[in-house]
Amino acid sequence: MAERAKKEAAKRPTQTRRRTSVRRQELITAAARLFASRGYYAVTVDDIGDALGLSGPALYRHFPSKEALLVAVFDQVIENQRDQIRGVLSDAADPPAALEAMVRLHVKFAVEQRENMAVWRQEFHHLPEADSWRLRRAQRLYVEEWVHVIHELRPELNDAGVRALVHGVLGLLQSPSDFQSGLADEGVMNLLMTMAVAAVFQASTEPLDFPSLAAKSRSAARSA
């Protein structure tokens, strides 16, 4: 009996940490949903607690303030993106394979994490300066991964052209956080991936020859 009691006692800290981790994640998810739908200032700590059947004081056991919860939402967004892009780049055999994986990863994230992406866009300016600087730096490092791959694919473009192209493609891929098209998620993802890849390989800083580009695109569509 004494041995069993010791084993049970040893389990309790691990179980407590697991429950705490699950509850923190639930709070981050609920906060992201409420911040996206109502705006940061309109949401109270009690609103977030009510979404999970918790009182305000219970929430404070996990986060010291609503602001800290907003920071946690943003941390989750950038950490997920950073970890996943490192994984796909390490598995990619060459730059085209890396681009395909990055495009698929980013649009999938934008579709599945619409609420977090909307909160990032709408509420980032509410962050404390130190957190804003830290998260902006993490975001720049993520963008640099794209810049490196697209430099390999479009060596004729200068650095400014590549960076403009990267930001345009990322804006396109994360557009699902701005609107609901009525398409199923798979259709949205396929459409945006097609557009993003076309942009990477066809975009130019030269003046647009629209008739020539349109004719070329129609010919490619007919032969597809």
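Only one of (1) among the small types (G, A, S); (2) under 19 Å from the mean Cα position of the chain (by Cα); (3) surrounded by 14 or more Cβ atoms within 10 Å (Cβ to Cβ) fails for G161. Which number is that?
Failed condition: (2).
Each row is one residue, and each column tells you yes or no for (1) over 20 Å from D83 (Cα atoms); (2) modelled with pLDDT of 90 or more.
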position: Q122; (1), (2): yes, no
position: H126; (1), (2): yes, no
position: E144; (1), (2): no, yes
position: A160; (1), (2): yes, yes
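May I ask you to say which residue of N158, N116 is polar (S, T, N, Q) and over 24 Å from M189 (Cβ atoms)?
Of N158, N116, the one residue that is polar (S, T, N, Q) and over 24 Å from M189 (Cβ atoms) is N158.
Restricted to region 94-131, and to residues that are among the small types (G, A, S) and over 16 Å from the mean Cα position of the chain (by Cα), which residue is least open to solvent (accessible area, probe 1.4 Å)?
A98
So which of E79, E100, E3 ends up being among the acidic types (D, E), modelled with pLDDT under 90 and within 25 Å of A118 (Cα to Cα)?
E79
Is it fair to say R140 is under 30 Å from K66 (Cβ atoms), without any contact (Cβ under 8 Å) to a residue 40 or more places away in the chain and not small (G, A, S)?
So R140 fits the description; yes.
Of all residues in region 143-152 being open to solvent by 30 Å² or more (accessible area, probe 1.4 Å) and either in contact (Cβ under 8 Å) with a residue 12 or more places away in the chain or more than 22 Å from D94 (Cα to Cα) (or both), which is farthest from the chain's Cα centre (by Cα)?
E152
Among the residues of region 15-46, which ones are closer than 15 Å to E67 by Cβ and surrounded by 16 or more Cβ atoms within 10 Å (Cβ to Cβ)?
Filtering region 15-46 for residues closer than 15 Å to E67 by Cβ gives 27-28, 31-32, 34-35, 39-45.
Those that are closer than 15 Å to E67 by Cβ and surrounded by 16 or more Cβ atoms within 10 Å (Cβ to Cβ): L27, I28, A31, A32, L34, F35, Y40, V43, V45.
Taking only region 174-224 into account, find how many residues are open to solvent by less than 90 Å² (accessible area, probe 1.4 Å) and β-branched (V, I, T).
Final tally of qualifying residues: 3.
Answer yes if at least one residue in region 164-172 is among the hydrophobic types (A, V, I, L, M, F, W, C), open to solvent by 30 Å² or more (accessible area, probe 1.4 Å) and at pLDDT below 85, and no otherwise.
No, region 164-172 contains no residue that is among the hydrophobic types (A, V, I, L, M, F, W, C), open to solvent by 30 Å² or more (accessible area, probe 1.4 Å) and at pLDDT below 85.
The values are calculated or read from the model by the stated rules, or taken from the named source; none is laboratory data. Note that the coordinates shown come from a computational prediction; the quantities given were computed from them, not determined experimentally. Because the Cβ atoms are built from the backbone with ideal geometry, glycine has one as well, and the counts that use them run over all protein chains shown. For the accessible areas, the whole protein counts, side chains as well, though only heavy atoms, and no ligand, DNA or RNA atoms are used. Shrake-Rupley method; radii C 1.70, N 1.55, O 1.52, S 1.80 Å.
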